[in-house]
Amino acid sequence: MSSLKKSFNIRSRDFIHAGEASITVQQLLKQMRIDPALIRRIAICGYEGEMNVVMHGGDGLYRVEINSDRIVLEISDQGPGIPDIAKAMEKGFSTASDEHREMGFGAGMGLPNMDKNADEMFIESVPGSRTRVRMLFLCKGTK
Amino acid sequence: MKAADLAAQFNLTVVAGKDGLGRTVTGGHCGDLLSEVMANAPVGSIWLTIQVHQNIVAVAVLKEMTAIILTGGNVPDEEARAKADEEKIPIMLSDQRTYDLAGMLYSAGVG
Ligand SMILES: Nc1ncnc2c1ncn2[C@@H]1O[C@H](COP(=O)(O)OP(=O)(O)OP(=O)(O)O)[C@@H](O)[C@H]1O
Ligand SMILES: [Mg+2]
């Protein structure tokens, strides 16, 4: 199978459309008969990544690349970046505003959820400039 | 149990997503922190929450939950209703507190 690539724009502060890229990809993966457990892990990572861009980041991009042996999810945005990635990865750490906390965001669980559900995760960030989160998922039992 | 039967049995008002009422409830989850719900809600759940904005529908779809119950007399935003209709995720309303309603559902063997 050749690889299939899709990309979606994510707009900063756009809570109305937040999650739509993840839902579209969930449908696509179902149509492709990808393992349901893997689809669920990708849904969690995509959603948390999209919400982080909407809440904390600048405008961004949700990209997915689907291959027979691996799926790569990349969520990037144009800043303000993450000054301390190790701190951001700690369960419970959050800079969410009170308004966002009232909406149920800001548990500081998004990045830990992503890290737990991806086979591998890499975060790159240039403070003041941009952030990119790359997640790799291995499709077991396929060749 | 079907979502429609659950709504009838527990006197819940269905305000959106009626096209999804035929789906089956196989579990339950209570939670208002969206990342916690993303991490822990089982597939096929009925989800009890006090969050009323449209993002709850995306969470329900992505976690493959069956329906949402807003407890404590909360009502969904207009955007949440529209999204729930579009995604066929029933939103039901209850005046009861989450704890009390969850206890009733659990005792009745839901999930
Ligand atoms: N794309 C991003 N750009 C800038 N900062 C980010 C970005 N993603 C995460 N962060 C920072 O990392 C922190 C932790 O992120 P994480 O997703 O774990 O929790 P949260 O978004 O604050 O809360 P939750 O995801 O539980 O709703 C955020 O509060 C924010 O400070
Ligand atoms: Mg987050």
Within region B:3-107: Cβ-based charge dipole about Cα centre, in debye rounded to nearest 20 (Lys, Arg +1; Asp, Glu -1): 200
Given charges at beta-carbon only (K, R positive; D, E negative), |dipole| of region A:11-92 in Debye: 260
Spin-label pair A:Glu99/A:Arg132, simplified geometry with 7 Å Cα→Cβ offset, distance in nm: 3.1
About the Cα centre, charge dipole magnitude for the protein assembly as shown (Lys/Arg +1, Asp/Glu -1 at Cβ), debye: 860
Region A:86-113 and region A:13-81: distance between their alpha carbon centers, rounded to Å: 18
Inter-site label distance for A:Leu61 and B:Ala8 at 7 Å from Cα along Cβ, in nm: 5.2
Local net charge near B:Leu6, Cβ-Cβ under 15 Å (Lys/Arg +1, Asp/Glu -1): +2
Protein heavy-atom accessible area occluded, B/A pair - total, 1.4 Å probe, Å²: 1900
Expected 222 nm ellipticity per residue - DSSP helices of 4 or more, -39500 (n - 2.57), all of the protein assembly as shown, to 500: -10500 deg cm²/dmol
Values of log10 I(q)/I(0), in the order q = 0.11, 0.18 Å⁻¹, for region A:4-138 under a Debye, Cα-only, solvent-free model: -0.35, -0.97
Solvent exposure ordering (accessible area, 1.4 Å, most first) of B:Thr66, B:Thr13, B:Thr98: B:Thr13, B:Thr98, B:Thr66
Accessible surface, 1.4 Å probe, highest first, among residues B:Leu70, A:Leu61: A:Leu61, B:Leu70
Beta bridge orientation in chain B: antiparallel %, DSSP, nearest 5: 25
Set of lysines with alpha-carbon distance to B:Lys18 below 19 Å, sequence-local pairs under 8 removed: B:Lys2, B:Lys63, B:Lys83, B:Lys88
Relative contact order, percent, region A:4-138 [alpha-carbon distance under 8 Å, six or more residues apart]: 27
Average Cα contact separation per residue, region B:3-107, under 8 Å, 6 or more apart, as relative contact order %: 32
DSSP-defined beta bridges in chain A - what % are antiparallel, rounded to 5: 100
Residue-level accessible surface for A:Ser76, protein heavy atoms, 1.4 Å, Å²: 20
Cβ-Cβ FRET estimate between B:Glu79 and A:Glu120, R0 fixed at 45 Å, reported to 0.05: 0.80
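The values are calculated or read from the model by the stated rules, or taken from the named source; none is laboratory data. All values reported here derive from a predicted model rather than from experimental measurement. Here the Cβ is made from the backbone with ideal geometry for all residues, glycine too, and neighbour counts use every protein chain on show. Just the protein is used for accessible areas: all its heavy atoms, side chains included, with ligands, DNA and RNA removed. Shrake-Rupley method; radii C 1.70, N 1.55, O 1.52, S 1.80 Å.
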